[in-house]
Amino acid sequence: MRKHTQYSIAFKEKLLAKALALNNPGVVELAARAGIPYGTLYTWIQMSKQNKSLKSDTPMRPKDITAEGKLKAVSETWQMEAEAQSTYCRSHGFYPCHLAEWKQQLLTRLKPIDTKKEKAEYRLVAEENKNLKRELNRKNSALAEASALLILKKKANLLWGDGEDD
């Protein structure tokens, strides 16, 4: 995977000034002198021509987006078609699957919570868990006792014989 290099705003502005000067060298030559990919410099030039900021205002990783940003993204794309949603997602640095996940998170948090019902369910599950543990302990001890009796019977048979004398 290629490492993503970040350049300072001052560096970008300095290169843009050189690239947009009257007697400027070509983009490829200027990028080679600066040690950056020419596609990167070309993108910066296009952004400056469209009056876009060189510094991104939106975080470009979905995990960096705040809860308010997620809510804004879901609300802005709520009624959009799939193609428009994809365009929106690309421009903001995440995938449509993130939108679906955030939408589901918002919807689950909006459901009313019945605490009495949840407490009753919790009590039932806790009681069942307690009974199952008790039964498991009883079965384990019965198994250990049966195993000990079988071992003792085998040892007794080895020492004294079968007990069936003919």
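Working note: Karplus 6.51/-1.76/1.60 with θ = phi - 60° gives the range 155-161 the couplings 5, 5, 5, 5, 6, 10, x Hz, where Gly and Pro are set to x.
When only the Cβ of Lys, Arg, Asp and Glu is charged (+1, +1, -1, -1), the dipole of the chain relative to its Cα centre reaches about 1020 debye. Subtracting the Cα-Cα distance of Asp64 and Lys119 from their residue separation scaled by 0.36 nm leaves 16.3 nm.
Taking Rg and Dmax of the Cα atoms in Å as calculated from this structure, the corresponding entry among (i) 16.9, 52; (ii) 18.0, 64; (iii) 35.4, 121 is (iii). Taking 0.36 nm per residue of separation and subtracting the current Cα-Cα distance, fully stretching the chain between Ser86 and Ala10 would add 24.1 nm.
Throughout, read-outs are computed from the coordinates displayed, never taken from laboratory work. As the structure is a prediction and not an experimental result, all values here were calculated from the model. With ideal geometry, Cβ positions are generated from the backbone for all residues, glycine too; neighbour counts draw on all protein chains shown.
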